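Heads up, the thing below is written out as structure tokens.
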Amino acid sequence: MEFDEALAYLEDVKYGHCKDLNNFKEVLALFNIDESDFKIIQIAGTNGKGTVGTFLSNFIANSSKKVGHFISPHLIDYRERFKVNNNIISKEKFIEITEIIKDKLSDKLKNSLTYFELSFLVALLVFKHEKVEYLILETGIGGRFDITNIFSNNILSIITTIAYDHTNILGNSLEEIAYHKSGIIKPYSKVVSYCHTREVDEIIEKEAFNKKAVLDFLNKKDIKFLKMDINGSDFIFLSEEFHTSMIGKHQIYNICLALKAFLLLNIAYNKTIIKSIINKLQFEGRMEKINSNPTVIVDGAHNDEGLEILNKNIKYLNLEDFILIVGSMNDKNIFNKLEKIILRAKTVIFTKIDYERAIEPEKLIKLLNLQNKEYHILTNLKEIKEFILNNVKKEDLVLITGSLYLVGEFKKVF
């Protein structure tokens, strides 16, 4: 089996949200995967899961522990979904794991799985073969009924932001959404969470109390911002001064949540190494500067909260008259927040993501109030690249947003 064949086999399944965990329990038994194989850390939240998970994974790996990290979606390479000590596995190992799955998994059972579930199975087999000690699982949708919540022995649960997204599945109120997110809390475990509204935090507190779990909140008042610009940020947390190349206040909150979570694991660590990780690590696709002269920033904001955070960062950094490139999914109600960002742009380029749920640019334009803003429709990213090369000046700023899939496609082309 070649790499492309292995990838095609894994991608030849249905998309969608798992509604029955029992089916996957049969899969786990078939492959002899047991939760006792790992020390499980689970992350749920509307935004921030990827950043928190990536920093936490780096903290653990650089403290002489072996850690697996399951993340979705990937930006460029499918193997990004399952990293071991922050590295993707070789193509040879990927093929080996896929062949194991193909040999054992009947066509009937495979066809009953979703794309996300099959990706999760690949990840678990990779982590089992690589004998990781710690396992970081990012939920797909919600938490309580998500396939990643199939295990019962989390040593630590992390809850990031709670905002409106996937309301057709999770509910139309923040309290309903919090109910789903807090469902990852396991009996007698540790929990760390952002502070949200009082009503939302009470739901998390109730879940932790019922599970006899120890709950700790990250208080944003404990973080002191020193400087923030397009090249990074300086801040103080836990009486220590840090620098990060990540852009935006929200990323500092994510870093602090990851650090707070790491300290709850009681792993011996080197303070200098931790500060070096925070200083150098850049999480792909989130306020990521990928070019200078012209400055190009990609941000995978794809929901209401993500675009609101992006808008705040644009205002805080005083970014104006930039070239905005936008592509989105058909099921995202992001138009009000997107309009605020469009107002600060001098030119908007609409494009379509190469994905079945992507919205047509013409439809997206009709849903937006462009207020006579100059815009173009470019049907693919090669056209966008040519536009940038031929029309963008060195002093210009280009911002790409609307979807992580768009960011991933753009980084491939760019």
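Values quoted throughout were computed directly from the atomic coordinates according to the rules given, and no laboratory measurement underlies them. Being a predicted model, the structure only gives us computed values, none of them experimental. In this analysis, Cβ positions are derived from the backbone assuming ideal geometry, glycine residues included, and neighbour counts consider all displayed protein chains.
Remarks
- Neighbour count of at most 12 Cβ within 10 Å plus DSSP loop: longest GluC sites (Glu not before Pro)-free window in the chain: 3-319
- Among the listed pairs Lys227/Lys289; Lys312/Lys340; Lys312/Lys412; Lys181/Lys211; Lys49/Lys412, those beyond 21 Å (Cα-Cα): Lys312/Lys412; Lys49/Lys412
- Annotation: the antiparallel percentage among DSSP beta bridges lying fully within the chain is about 35.
- Size of charge dipole - region 288-413 - debye, nearest 20, with Cβ of Lys, Arg +1 and Asp, Glu -1, no other charges: 160
- Relative compactness, region 208-350, computed as alpha-carbon Rg over 2.2 N^0.38 Å: 1.21
- In this structure, Lys280 and Lys366 have a Cβ-Cβ separation that, at R0 = 41 Å, corresponds to a calculated FRET efficiency of about 0.40.
- The relative contact order of region 290-414 comes to 40 percent, based on Cα pairs under 8 Å that sit 6 or more residues apart.
- Dipole of the chain [Lys/Arg +1, Asp/Glu -1 at C-beta], most positive-end residue of Tyr194, Asn86, Leu263: Leu263
- Here the Karplus relation 6.51 cos²θ - 1.76 cosθ + 1.60, evaluated at θ = phi - 60°, turns the backbone of region 368-377 into coupling constants of 10, 9, 7, 6, 6, 6, 5, 8, 9, 10 Hz, with x for every Gly and Pro.
- Magnitude of the charge dipole for the chain, about its Cα centre and with charges confined to Cβ atoms of Lys, Arg (+1) and Asp, Glu (-1), is about 940 debye.
- Principal axis extents of the C-alpha atoms in region 27-123 (largest first, rounded to whole Å): 39, 30, 29.
- Cut-off under 5 Å, modelled amide H: who pairs with Ala358 long-range: Asn330
- Straight Cα distances below 15 angstrom link Lys66 to the aspartates and glutamates Asp37, Glu130, Glu133, with same-chain residues fewer than 8 positions distant left out.
- Restricting the chymotrypsin sites (Phe, Trp or Tyr not before Pro) of region 1-80 to loop positions (DSSP other than H, G, I, E, B) with no more than 12 neighbouring Cβ atoms within 10 Å leaves Tyr15.
- Of the two radii for region 288-413, the radius of gyration is 0.92 times the Kirkwood radius, both from the alpha carbons; that is the Rg over Rh value.
- Unit Cα scatterers, Debye sum, region 3-280: log10 I(q)/I(0) for q = 0.07, 0.10, 0.12 Å⁻¹: -0.25, -0.52, -0.75
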